[in-house]
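Since the structure comes first, as structure tokens, the remarks are kept for the end.
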Amino acid sequence: MTEKSIVVHPTSGYALLLNIQYLLIIPFVIFGSTLFPDFIEYILAIGVFGLSIVLYNYYYLRQTVYELTKSRLKYSRGIFTLTTDFIELYRVKDIVQMQPFLLRLIGTMNLTILSSDRSHPHLVLKGIPLSNLADTLREVVEMARKDNRVFEVD
């Protein structure tokens with residue numbers, strides 16, 4: 001692998017899928033305001049609250065960045081406070097690619113990385129676009145182990 005890095009974000013479809021329960025509030029706000037005009041302030045407050053949760057969660061997920069270099073995986077997230085964690089690739093023990101039914105519908109997957117890293121022994125890259133990232137990650141992990149002369153002992 002060259003010096004270039006691979007940058008992956010959760011998809012917009014995944015962000016909307018996670019917020020579907022809040023998006024379902026919108027029809028209730030519309031119909032509730034027509035059926036109960038005396039309570040329109042409360043109904044609109046519920047709608048604004050639900051919409052603000054959707055926007056926050058959407059923006060938070062879109063700010064999540066997974067960056068794979070030849071020696072480490074960088075995981076950044078946050079809106080007000082940006083948190084960045086690193087996993088050295090020679091510490092990766094296993095990689096699991098999952099694609100539940102709803103994620104298959106929107107063309108995304110979850111990639112679980114099991115490692116001996118103490119801060120993140122179990123990192124899930126959620127809602128990333130369907131790709132051959134798992135195979136690429138395996139190759140880079142093997143190269144990192146060779147470069148660092150690390151051998152796994154069971």
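Here, each number is a calculation from the coordinates, and none is a lab measurement. Note that this is a predicted model, so its numbers are computed, not measured. Positions of Cβ are generated from backbone atoms using ideal geometry, with glycine treated the same way; all protein chains shown enter the neighbour counts.
Nearest 20 debye, what's the magnitude of the dipole of the chain about its Cα centre given +1 on Lys and Arg Cβ and -1 on Asp and Glu Cβ?
Result for the chain is approximately 320 debye, rounded to the nearest 20.
Just rank Thr34, Thr108, fewest to most, by other beta-carbon atoms within 10 angstrom.
Least to most surrounded, the residues fall as Thr34, Thr108.
Would you list the P(r) distribution for the chain, with all Cα-Cα distances sorted into 5 Å bins from 0 and each bin expressed as a whole %?
Using 5 Å bins, I get a P(r) of 2, 9, 15, 16, 15, 12, 9, 7, 5, 4, 3, 2, 1, 1, 0 for the chain.
Taking every pair of alpha-carbon atoms in region 84-154, what share in percent sits in each 5 Å bin, from 0 to the bin with the longest distance?
Over region 84-154, the share of Cα pairs per 5 Å bin runs 4, 16, 24, 23, 17, 9, 5, 2, 0 percent.
Can you sort Val7, Val141, Val65 from fewest to most other Cβ atoms within 10 Å of each residue's own Cβ?
Val7, Val65, Val141
Enter the angle in degrees (range 0 to 90, nearest 10) between the Cα long axis of helix 25-35 and the first principal axis of the Cα atoms of the chain, meaning the one along which they spread out most.
0
Enter the Cα centre distance for the pair region 92-119 and region 1-58, rounded to the nearest angstrom.
Between the Cα centres of region 92-119 and region 1-58 lies a distance of 25 Å.
Please give the net charge around Glu139, taking every other residue with its beta carbon less than 13 angstrom from that of Glu139, where Lys and Arg add +1 and Asp and Glu add -1.
Result for the local shell: +1.
Would you list, by chain and number, the aspartates and glutamates whose Cα falls below 12 Å from the Cα of Lys93, excluding same-chain residues fewer than 8 positions away?
Asp117, Glu142, Glu152, Asp154
Please report Met109, Met98 as a ranked list, fewest other C-beta atoms within 10 angstrom at the top and most at the bottom.
Met98, Met109
Among Met98, Tyr22, Leu35, whose Cα lies farthest out toward the positive end of the dipole of the chain, if unit charges sit on the beta carbon of Lys, Arg (+1) and Asp, Glu (-1)?
Comparing the listed Cα positions along the dipole, Met98 ranks first.
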